[in-house]
Amino acid sequence: MKRLFVYGSCVGGDTANVFPEDWDRPTYIARQSIISAAFGPTNVVGAIELTSTFQKSMLEGDIASSAFLRLPKELDSHDALLLDIVDERLGVYEVSPGEYLTRSMELIGSKLIEKQANAPRLIEFATEEHWSLWTQSVDKLFRIILESKTPAFALVPPWAESSVQGEKISWHQVPVETMNKKYERYYKYLGDCGFTLVTVPPQEAMSDVNHKWGLAPFHFTNAVYESLRNQILGTLSRPSGFKSNSMNSVVSRELPHDGN
């Protein structure tokens, strides 16, 4: 059976869940900013106060920077990589110089941040500091991908501004339009590096109040996931469909829920 490696969050996971049955259950790394993964393990003190085994394992992976340890070993045994960067939206914490943790809902719920001797410094998404750290980190990520020669797809649908039921959506009182503008240069950089960008038109990017994970601008209708899937499969079916740029251009198959 063919296999997907999903590095990202709900967009990648939910897209993987609509792949045909000849695709095996995907490998999944979630809640791990590319910054946190690229800069290596973080030294933290204190117990993780989470009851969910899945959430705890994600946070432990983020602390250990497991993505950049696993990708070189495992990626070449997969038929495609699906990346989404929804997990970048909350920024990262600098715990100590050069050591970063993803500001995820799991990290916030774990109460680890307040247990550190020195208060970690928040680096917010889309600030110039975040952008600089992130682009360096993506360069490292794509070098790993080039060595594996695995087709790499970045899922970049715009966040939904409304649901198919007509509800307007914001994200923690931030307009969706604002978040989409913040994401634009991040998406462009992924394309410039060599990821195959996969998206849908803004008018088709709709959320659904009946989504299994609840209403959110990045919880889309099935039609969105099916469109992303079809584009990926169409590209993979063409012998020359995947463009591997050099770095010089600068069971139940369903995945567990990783939160909002």
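The values are calculated or read from the model by the stated rules, or taken from the named source; none is laboratory data. Since we're looking at a predicted model, the values are computed, not measured. Heads up, the Cβs are rebuilt from the backbone with ideal geometry, glycines too, and the neighbour counts pull from every protein chain shown. Surface accessibility is based on the protein's heavy atoms, side chains included, excluding ligands, DNA and RNA. Shrake-Rupley method; radii C 1.70, N 1.55, O 1.52, S 1.80 Å.
Listing for the model above:
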item: For the range 63-126: relative contact order, % (alpha-carbon pairs under 8 angstrom, 6 or more apart); result: 32
item: Positive-end residue, the chain charge dipole about Cα centroid, Cβ charges, pick of P217, G12, I232; result: I232
item: Neighbour-limited loop hits for trypsin sites (Lys or Arg not before Pro), the range 173-223 (at most 16 other Cβ within 10 Å; DSSP other than H, G, I, E, B); result: K212
item: Additional length obtainable on full extension of the chain from N230 to Q165, 0.36 nm per residue less Cα span; result: 20.9 nm
item: Net charge of Cβ neighbours under 9 Å - reference V18; Lys, Arg +1; Asp, Glu -1; result: -1
item: Summed side-chain charge close to E226 - residues other than E226 whose Cβ falls under 14 Å, Lys, Arg +1, Asp, Glu -1; result: -2
item: Net charge over other residues, Cβ less than 12 angstrom from the Cβ of P217 (K, R count +1; D, E count -1); result: -2
item: Peptides 27-38, 44-55, 70-81, 98-109 ordered by average Cβ neighbours within 10 Å, highest first; result: 27-38, 98-109, 70-81, 44-55
item: Accessible surface of the range 1-79 [probe 1.4 Å, protein heavy atoms]: carbon and sulfur percent; result: 51
item: Of all DSSP beta bridges in the chain, antiparallel share, percent nearest 5; result: 40
item: Difference of contour (0.36 nm per residue) and Cα-Cα distance, W213 to E184; result: 7.9 nm
item: Whichever lysines have a C-alpha closer than 26 Å to that of K111, once near sequence neighbours (fewer than 8 apart) are set aside; result: K56
item: Dipole in debye (nearest 20) - the chain, about Cα centre, beta carbon charges: Lys, Arg +1; Asp, Glu -1; result: 340
item: Residue pairs, from the table K140/K181; K2/K140; K168/K212; K149/K181, whose Cα atoms sit over 28 Å apart; result: K149/K181
item: Per-pair calculated FRET efficiency, R0 = 35 Å: D79 and V174 via Cβ, rounded to 0.05; result: 0.45
item: In nm, spacing of pseudo-spin labels at V45 and D192 (7 Å Cα→C-beta vector); result: 4.2
item: 1.4 Å probe accessible area per residue over the chain, in Å²; result: 44
item: Shape category assigned to the range 1-88 from the gyration tensor of Cα positions, a/c cut at 1.5; result: prolate
item: Charge dipole of the range 121-171 about the Cα centre (unit charges at C-beta), most positive-ward option of S132, F153, S163; result: F153
